[in-house]
Amino acid sequence: MTVSNTVAALSALDMVAAYASRTLSPVEVHDAVQEHIAEREPVINAFYVSNARAAHAAAAASATRWARGEPLGPIDGVPVTLKENIARKGIPMPSGVAGTQAPPAAADAPVTARVQESGAVVLGSTTMPDWGMLSSGVSSLHGITRSPWNPAWTTGGSSSGAGAAAAAGYGPLHVGTDIGGSIRLPGTWLGLVALKPSFGRIPMDSPYLGRCAGPMTRTVRDAALLMQVLSRPDVRDWSSLPPADINWSDLDLDVRGSRVAVHVDAGVGMPVDPAVAGAVEAVAAIFASAGAVVEQIAPFMTPTMLEDLDLFWRVRFWNDFAALPPKRQRNILPFIVNWCSRGAQVSGARTISCYHSIMELSAATVAATAAYDLVLSPVAPTVAFPAEWPMPFGEEDCAMAHIGFTAPYNMSGQPACSINCGFTDDGKTIGVQIAGRRFDDLGVLRAAAWYEQARPPEATPLWPI
């Protein structure tokens, strides 16, 4: 392993400790990470925008602060990437779509403001597929973002570039967004710790039903460190939760007596790969052997709920598509055009019925899981698929047949985290989703941290860095 790879593999907590002890400087870390990026990026294609000169200047400013013993915050000098749809002042946000003409962002999003206020070194903005409505790294604007584990495999999406950057060692801290699984799906297919927090926990400048931002990292403690920064309040998000005094570093947990549900049948969509189901059941057995009370729960999402959620999104993005001039419409991925076109003739009454169905899904999710401290499930029913496929089912329109485990927690607002729990025989990663009660983000991170320490070596990633 080269020096640049060794540094790129460091956790954020290790970087900060090295800065404090003066065994490494933020400039040394930045330069090593940039060298590593230069080696990997031509194949991985994780960045939409990057600016090494600006990042170097930020690292130099951080080095000066550390030399004075005056870091701005807990991630001062740590390399960070932000997903393309997280506003950075002066940078357009095309959302992975070649057909748009996005103006430069007028202001930083709350996420961007928080990481910069904490002194982080922002390396750039990461790629996403068209409008974030694909669970892959396929984009009409960016081409294909590929897995660092194997470039023939998908990254998952829509936080495709963020996930690829995390697994590849483009620094330790990355921020994605998630409206139906877009943080956790790259999590399972890249082996990451990927947290979709409670709705409103991390302020957004464009809140929307079910949409969250969250950390994508290689360790639970790094995810908790980033939550310490991202969860700070911002008045621009009228849907955000009240400020909470959460000690994000307090991750100790004794699982004895905890009530844990196992949910391996979503009741909708694609069948679960036996390898995925087996890996999740193995996690449940580890919790049970440590004294947790583990029970199976039945499906609570219905096919109608999933169909209505998909149709609601089709109508939403048909409106965006229809607003584009015909010349620009032709630049959008044909898969996305075909998908959203089914929303073209949907009536207002039918759209409202879809919204009511989403509310029923929210209620059903809370009711089915409220008796439990944690719910263990697959993140996705299948393992990583070819990088060229827009969806786990290829070019076929199977709606959202793969999000039966993830989308319910977006709609209910509950926190849910992916963490690697196994591998297939050909080396593909498998994540378990750990979901918790509404607002119990810390409880979910504690459970993930406990499992991270308890999981067997054969389920622990050896990162492709």
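Numerical summary
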quantity: Paramagnetic label zone (point 7 Å from Cα along Cα-to-C-beta, Q345; backbone N under 12 Å) in segment 302-318; calculated: none
quantity: Principal axes of segment 94-135: Cα extent on each, largest first, Å; calculated: 34, 24, 16
quantity: Whole-Å distance, taken between Cα centres, linking segment 148-167 and segment 73-95; calculated: 18
quantity: A54-E35 pseudo-label distance in nm [points 7 Å out on the Cα-to-Cβ vector]; calculated: 2.5
quantity: Within straight-line cross-link reach of K83, aspartates and glutamates at Cα separation under 17 Å, skipping those fewer than 8 residues along the same chain; calculated: E41, D108, D130, D178, D205
quantity: Distant-in-sequence amide H partners of Q433 (H built 1.01 Å from N, under 5 Å); calculated: S377, V379
quantity: From phi via Karplus (6.51, -1.76, 1.60), per-residue ³J(HN,Hα) for segment 127-137 in Hz, x at Gly/Pro; calculated: 6, 8, x, 3, 6, x, 9, 10, 9, 7, x
quantity: Amide H contacts under 5 Å for V262, placed H, 5+ residues apart; calculated: E295, Q296, I297, L376
quantity: Relative compactness, segment 3-230, computed as alpha-carbon Rg over 2.2 N^0.38 Å; calculated: 0.92
quantity: Reachable lysines from K428, criterion Cα separation under 23 angstrom, eight or more residues apart if same chain; calculated: K196
quantity: Distance between modelled label sites at S353 and A454, nm, 7 Å Cα→Cβ extension; calculated: 4.5
quantity: Relative intensity, log₁₀ I(q)/I(0), of the chain from a Debye sum that treats every alpha carbon as a point, q = 0.06, 0.09, 0.13 Å⁻¹; calculated: -0.23, -0.53, -1.16
quantity: Sequence ranges 7-14, 119-126, 389-396, ranked by mean other-Cβ count within 10 angstrom, highest first; calculated: 119-126, 7-14, 389-396
quantity: FRET E, pair R259, Q329, Förster distance 45 Å, beta-carbon r, rounded to 0.05; calculated: 0.35
quantity: Rg in Å to one decimal, and Dmax rounded to a whole Å, for segment 176-235 via C-alpha atoms; calculated: 11.2, 35
quantity: Segment 224-297: C-alpha gyration tensor shape, a/c 1.5 cut-off, then a/b vs b/c; calculated: oblate
quantity: Antiparallel %, DSSP beta bridges [both residues in segment 3-230], to 5; calculated: 60
quantity: Over the chain, relative contact order from alpha-carbon pairs under 8 Å, at least 6 apart, %; calculated: 17
quantity: Ellipticity estimate at 222 nm from DSSP helix runs (n ≥ 4, -39,500 (n - 2.57)) divided over the chain, nearest 500; calculated: -12000 deg cm²/dmol
quantity: Modelled FRET efficiency - R0 41 Å, T2 with E70, Cβ distances, 0.05 increments; calculated: 0.80
quantity: Among beta bridges that DSSP assigns inside segment 28-147, antiparallel share in %, nearest 5; calculated: 55
quantity: Gyration tensor verdict on segment 343-465 (Cα atoms; rounded if a/c is under 1.5, prolate if a/b is larger than b/c, oblate otherwise); calculated: oblate
quantity: Extension gain from A298 to T23, taking 0.36 nm per residue of separation minus the Cα-Cα distance; calculated: 93.7 nm
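Values quoted throughout were computed directly from the atomic coordinates according to the rules given, and no laboratory measurement underlies them. As the structure is a prediction and not an experimental result, all values here were calculated from the model. All Cβ positions, glycine included, derive from the backbone under ideal geometry; neighbour counts span all protein chains shown.
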